[in-house]
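Data block below; observations after.
What follows is calculated from the coordinates using simple rules that are stated; it is not laboratory data. Given the structure is predicted, the values throughout are model-derived calculations rather than measurements. Here the Cβ positions follow ideal geometry from the backbone for every residue, glycine too, while neighbour counts run over all protein chains shown.
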Amino acid sequence: LLKANGDYIVKTAMTQSDTKKLKRIVEDYFNETQSSKAKYILSDWENISNRFCKYVPHSMVEKDLMVENK
């Protein structure tokens, strides 16, 4: 579990685009390192990818809301 200062960041849902980017990062990492952990994650990506989440600064969330409300 991540301990983070909630005054600065907030947990948000990962978008489909975020998930695709993350998979590419894990694939690249595996290709470079042959990491057993990366191999395990990729072997069951459909289930394991749902365990990841995204943390962003509050200012990003506020900015996104302002854009949506225009």
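Laid out as a table, the results:
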read-out: Hey, residue 46 charged (D, E, K, R), surrounded by 14 or more Cβ atoms within 10 Å (Cβ to Cβ) and either assigned to a helix (DSSP H, G or I) or touching a helix residue (DSSP H, G or I) at 6+ places or on another chain (Cβ under 6 Å) (or both) or not; value: no
read-out: Of all residues making up segment 39-59, the number that are more than 15 Å from the chain's Cα centre (by Cα) and not acidic (Asp, Glu); value: 5
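Table: residues versus (1) in contact with a strand residue (DSSP E or B) (Cβ under 7 Å, 6 or more places away or on another chain); (2) outside any helix (DSSP H, G or I).
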{"site": "7", "(1), (2)": "no, yes"}
{"site": "14", "(1), (2)": "yes, yes"}
{"site": "20", "(1), (2)": "no, no"}
{"site": "24", "(1), (2)": "no, no"}
{"site": "29", "(1), (2)": "no, no"}
{"site": "40", "(1), (2)": "no, no"}
